[in-house]
Each structure stands twice: as structure tokens, then as C-alpha cells.
Amino acid sequence: MLRHLGYVAIARSLDISTGQTCRLRHATPERLRALIEANLVNLRRVLEFNAANAIWLYRISSDLVPFASHPVNQLAWWDEFGALLADIGAYVRRHRMRVSMHPGQFTVLNSLSPAVVRAAIDEVVWHARLLDALGVDTTAKIVIHVGGLVDGREPAIARFVATVRDLPDAVRRRLIVENDERLFTAEDVLEVSRATGLPVVFDWLHHRANPGTARTPADIRRVVTRCFATWGPADGVPKIHLSSQARGARPGRHADWVRVTDLLVFLAVAPRRTFDCMIEAKEKELALFRLRRDLARHDVRERGARPAAGRSSASRAAERRPVSPAPRPERGRVSAA
DNA sequence: AAACGTCAAGTTCCG
DNA sequence: CGGAACTTGACGTTT
């Protein structure tokens, strides 16, 4: 049963960014400080928008803190902006929102290169530090992939497992592992989960692109049931990723919107257990709204539905991006130095 | 003001 | 073996 629908990072309705950055050669402590603050202020606005639209699941951008794991950024940002972060976290808790993060493709915990592994560790560590600074519990997760497959499945998995085992508890207990569209199937990731204890986030599009041996509805149900079983009480309800195949593109490529059929087909094979569903689509929350509308036409609703918080639907409508392009607002934007 | 080339990072696969 | 693709917005220089 579906609890919450969520979306990733950008609220297209708002014309603000939580991922303002700068070029490495322009990075100075002052510049980074200004960018981080602006991104945090905008994150707070996005969360308010979410609450006003009854969206209780949201993935925070990894661009929130520019160069967070790069030596150019020596700021103790978790400290400097501790009050603001705590305030944002309190807002999340007050509205019983669930937030997550997903480090980029460069985060390869199972790389053959020690330097790459070191960088990947730094990356998951800062993501965990951010969620810790918000003061959110361990249902707020960090999504990672198993990584590369250079020297074969077993050694690649073994390196991943060894690296994860040595991570600090505070980091490891936030990690979840996702099946990908080419290299590691859901069954592979279940093996990783057995060895690490990490929950498995099941990506439905990736599974269809890379199903391994789990192809029939009965097989799929078994695999999803096993993925869901990897989520313990401290992890919150299981989560899946949902997107639709972009037409004419390579398998696994996200479409701009989500076709309702893709979720309906999943619901038909899904075990009877409550789960959250993260939408990965270019049209972001607009795809969520459209999916919600389409689901309602099939009499499917989010089980965790609660009334939108904080504002009237009129002020909500006013905040949505108008049909015609609007000028960029100055507020919340770091002006070009 | 708009357009467009470029941007921290890795790995895979194509040509 | 070199380079594009992945996926993608935002920066910042140029027009």
C-alpha cells in the first residue's frame, strides 16, 4: 500500500534553487558561506511549499553545500549554520516529513582506487552530517549504488561490503542501497544487504531494465517482498523509486513525467505492505501532482494523506509558477560577486 | 538580456 | 585507447 509520494530536489513551481554553486576557481570562504546560506533559506521555502501541498516525502539536493567534500571548502558549515539547520530540521519533524539524499555518480565506494574510495567515504560522511545537523531520525536515508563492476561481481560486492563495514555507525545506519539499470540487479543488491545489513531501495524502472532472473509477476513480488523485508523498525517504511522509461532513449533513462500505469502495475505485483514512493522525473513535483490526479481517477490514494499545512489553497495557487514565464525574483539569490 | 560553452569527482561502453 | 554518455542545472563569459 502506498503511503507517501515524494520528489527530488527542485520545486519547479517556485523559481528558486537549493543548489546554487560557483566554479571551483571562484570558491572562497565568503562566497561558499553566502551560497550555503541562500540554499538553506531556499530549502526551508521548498519544505513550506511541500507542506502546503501535502507532500511529505522529499529528497534534498546534494548541491545544497557546494564542494562539501572538496578541500576548497574548509567551512564548519554544520556549525556556522547550526541554528538554521536545526530550525529546518524542526520544521521537518513538526510536519512529520521524511527527507533523504542521494550522492552523485562519482560516489563509488567499491572502486579499485583507494583515492576514489576515500572521496566516496568523504561524500557519504558529509551527507550524514547534514542529516544529523537537521536532527532528523534514521528514517532519513542516504541512497547509494553498489558502484562499478570492473573486476567481476563478487570482488566488487566484497569491496563494497568491506568499505561499508568500516564506516562510522552514524553514517552506516543512514545508508540504503539501490539496484541499478545495468550492473547490479535487485537480487545482487539483496546479497549486498545480507552482508551489510543495509536496507534495499527498489527502483522499479531499473528493475525492468535490469531484472536479472526476476521477470514474472510472481518473481517480482518475491524480490520486492525481500527488499521490503530489509527495512527494520529504525529505518521507517520501505521505499521504492518510481519513474517511467523515456521513449526512444536507452533503457533506464527517466522520462519527464510518470505514467500512472507504471505505478498501477507495480501496485498489482507489490506485497501488502506500506511503502513510500520517490518519483524521479524531470518535471519533479508537477509530475507528482499529475500522478496524484491520475491515481485518483483509478481510485488510488496515498494512505499517509494528511491535509496540506499552513496556507489556503488560494495562496498556494499564487505561489505556483504562472503559465507565462515570470522574472526571476531577487530574494534568496546570491548576486554575482 | 539572451545564448551558449563549461563545470570536482568515476565507470562503462562505444567507435 | 580516447572520448562520449550518464543526467542536468547552473554558472559565467561572450555576444
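Bear in mind that the values in this text are calculations on the coordinates, not laboratory data. All figures in this text were calculated on a predicted structure; none of them were measured in a lab. Ideal geometry is used to build each Cβ from the backbone, glycine not excepted, and the neighbour counts take in all protein chains shown.
When the residues of segment A:50-75 are filtered to those that are away from DNA strand B (no atom under 16 Å from the Cβ), in a loop (DSSP other than H, G, I, E, B) and more than 17 Å from the chain's Cα centre (by Cα), which remaining residue is nearest to A:Q20 (Cα to Cα)?
Our first condition is that a residue be away from DNA strand B (no atom under 16 Å from the Cβ); within segment A:50-75, this holds for A:50-58.
Next, from what is left, pick out any that are in a loop (DSSP other than H, G, I, E, B): A:53-56.
Of the ones still in play, those that are also more than 17 Å from the chain's Cα centre (by Cα) are A:53-54.
Details: A:N53: 24, A:A54: 26 Å.
Ranking the qualifying residues of segment A:50-75, first place goes to A:N53.
Tell me which residues, restricted to segment A:226-248, are under 23 Å from the mean Cα position of the chain (by Cα) and loosely packed, with under 15 Cβ neighbours inside 10 Å. Don't jump to the end; show me each part of the working.
Step one: filter segment A:226-248 for residues under 23 Å from the mean Cα position of the chain (by Cα), giving A:226-246.
Once the filter is applied, which keeps residues that are under 23 Å from the mean Cα position of the chain (by Cα) and loosely packed, with under 15 Cβ neighbours inside 10 Å, segment A:226-248 yields A:G232, A:P233, A:A234.
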Completion exercise
Residue set A:A34, A:A86; condition surrounded by fewer than 16 Cβ atoms within 10 Å (Cβ to Cβ) and either within 14 Å of DNA strand C (Cβ to nearest atom) or over 18 Å from the mean Cα position of the chain (by Cα) (or both); output residue A:A86
Handout entry: Matching option when the condition is in a loop (DSSP other than H, G, I, E, B), in contact with a strand residue (DSSP E or B) (Cβ under 6 Å, 6 or more places away or on another chain), under 15 Å from A:L109 (Cβ atoms) and of a type in the set (A, V, I, L, M, F, W, C), among A:L198, A:L149, A:L183, A:L167
Key = A:L198
Exercise for the section: Examine segment A:76-91 for a residue that is hydrophobic (A, V, I, L, M, F, W, C) and assigned to a loop (DSSP other than H, G, I, E, B), and state whether such a residue exists. Expected result: yes
Exercise for the section: Inspect segment A:53-68 for any residue being under 20 Å from A:V136 (Cβ atoms), of a type in the set (K, R) and more than 14 Å from DNA strand C (Cβ to nearest atom) and give the result as yes or no. Expected result: no
Practice task
Go through A:L5, A:L47 for me and flag whichever is outside any helix (DSSP H, G or I), out of contact with any Gly (no Cβ under 6 Å at 6 or more places or on another chain) and away from DNA strand C (no atom under 13 Å from the Cβ).
Solution key: A:L5
Exercise for the section: Would you be able to say whether some residue in segment A:142-161 is within 12 Å of DNA strand B (Cβ to nearest atom), buried (at least 18 other Cβ atoms within 10 Å of the Cβ) and among the basic types (K, R)? Expected result: yes
